[in-house]
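Asker: Mind looking over this structure? Questions follow.
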Amino acid sequence: MQNASESVRDVLGEKIARLTSHGELSATAIPELTLFRVDGPTEPFSGLYEPSICLITQGAKRILLGDDSFVYDARHYLLTSVQLPTIIQVVEASPAKPCLGLSLKLDLQVVSQLMVDSKLPAPREQQANRGMATGEVTIPLLTVFQRLVELLDEEQDIPILAPVIQREIIYRLLVGDQGTRLRQIAVAGSQSQQIARVIEWLKENYTQSLRIEDLADKASMSSSTFHHHFRSMTALSPLQYQKHLRLHEARRRMLAEQLDAATAAFEVGYESPSQFSREYSRLFGAPPLRDITNLRQRAS
């Protein structure tokens, strides 16, 4: 059984290596699918994980979410059910054996529809608090991802076959050892779905001033219950979560739109450029100007 798993993993890894031979990160003709390779261990860096599954065929990554640490490698995938700000580090990679993997964004509407349309087996576990977890990579999951990546060589088939294969991937996750996390997000009226709805609102309204009472009302919870469940899922308070969203968006705007730090700070909701600079340095490890300069040099 182990040999069969390694065989499928090797074939998938070879395809990812070929398709990422010209860069670390590769968008694909399948909009939800991204491939990546890293040729050596990295320093920790800040990043946002969207609802997705991340799979590695070689190497390993460590993700820090609050005080929690998640390591995923060739035998363990990373599942994220809501958008989460994290600290990311590649911990196992070399030029001879680069860290190779993929990330597939998950459509939570498809998750909900699949649960409605299908008679799914009972979940393997009863509770799931965090919006992130690692699970065991199985041969069926590897095989379906292999078929998805193979579509990149037959782009005319992508519009018809990619949605079918992605639906199968979601099914494999729902019946797998971490399926409870996706089920809780998809069940109408569940506390997890209510928190997820507030997170979606925060993503669209991160520049606004926050009152916990207003957010709790959106989740139909008391303030204390809302705060508890929000932190359980994200490992952050709502205000900390908003700060991460603001800082990531400011970084994106400075890099993509060439804004100066003060302008970016005001546009994402900061009133004090000095406070923005302090919090930016704390999250990204360098002041805005130096950080953006470093990113541009790496990109070039």
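The values are calculated or read from the model by the stated rules, or taken from the named source; none is laboratory data. It should be emphasised that the depicted structure is a prediction, and the values quoted were computed from it without experimental measurement. Note that each Cβ is placed from the backbone with ideal geometry, even for glycine, and that neighbours are counted across all protein chains shown.
Asker: Identify the single condition in (1) surrounded by 16 or more Cβ atoms within 10 Å (Cβ to Cβ); (2) closer than 19 Å to Glu279 by Cα that Phe226 does not satisfy, given that it satisfies every other one.
Answerer: The one condition Phe226 does not meet is (2).
Asker: Further question: When only residues in the range 64-94 that are of a type in the set (Ser, Thr, Tyr) and assigned to a loop (DSSP other than H, G, I, E, B) count, which is farthest from Trp201 (Cα to Cα)?
Answerer: The selected residue is Ser94.
Asker: Please go through the range 180-197 and pick out each residue that is aliphatic (A, V, I, L, M) and either in a loop (DSSP other than H, G, I, E, B) or without any contact (Cβ under 8 Å) to a residue 40 or more places away in the chain (or both).
Answerer: Of everything in the range 180-197, those that are aliphatic (A, V, I, L, M) and either in a loop (DSSP other than H, G, I, E, B) or without any contact (Cβ under 8 Å) to a residue 40 or more places away in the chain (or both) turn out to be Val187, Ala188.
Asker: A further question follows. Return a yes/no flag: does the range 111-125 have any residue that is over 24 Å from Ser69 (Cβ atoms), surrounded by 14 or more Cβ atoms within 10 Å (Cβ to Cβ) and without any contact (Cβ under 8 Å) to a residue 40 or more places away in the chain.
Answerer: Yes, the range 111-125 has at least one match.
Asker: Sticking with this structure for a sec: Tell me, please, whether a residue that is surrounded by fewer than 13 Cβ atoms within 10 Å (Cβ to Cβ), within 21 Å of Leu161 (Cα to Cα) and among the hydrophobic types (A, V, I, L, M, F, W, C) can be found in the range 55-62.
Answerer: No; the residues of the range 55-62 include none that is surrounded by fewer than 13 Cβ atoms within 10 Å (Cβ to Cβ), within 21 Å of Leu161 (Cα to Cα) and among the hydrophobic types (A, V, I, L, M, F, W, C).
Asker: In the range 1-39, which residue that is in contact with a helix residue (DSSP H, G or I) (Cβ under 7 Å, 6 or more places away or on another chain) and hydroxyl-bearing (Ser, Thr, Tyr) is modelled with the highest pLDDT?
Answerer: Thr28
Asker: Of the residues Ala250, Ala264, Ala216, Ala235, which is without any contact (Cβ under 8 Å) to a residue 24 or more places away in the chain and either among the hydrophobic types (A, V, I, L, M, F, W, C) or surrounded by fewer than 19 Cβ atoms within 10 Å (Cβ to Cβ) (or both)?
Answerer: Ala216
Asker: Just to check your reading of the model, which residue among Ile169, Ile165 is modelled with pLDDT of 95 or more, outside the structural domain of Leu79 (by TED's automatic domain parsing) and more than 18 Å from the chain's Cα centre (by Cα)?
Answerer: Within the list Ile169, Ile165, the selection yields Ile165.
Asker: Considering only the range 66-79, I want to know if a residue exists there that is free of Cβ contacts under 8 Å to residues at least 60 places away in the same chain and farther than 27 Å from Val8 by Cα.
Answerer: Yes.
Asker: Report, by residue number, each residue of the range 30-86 that is of a type in the set (Lys, Arg) and within 19 Å of Leu173 (Cβ to Cβ).
Answerer: Lys61, Arg75, listed by residue number.
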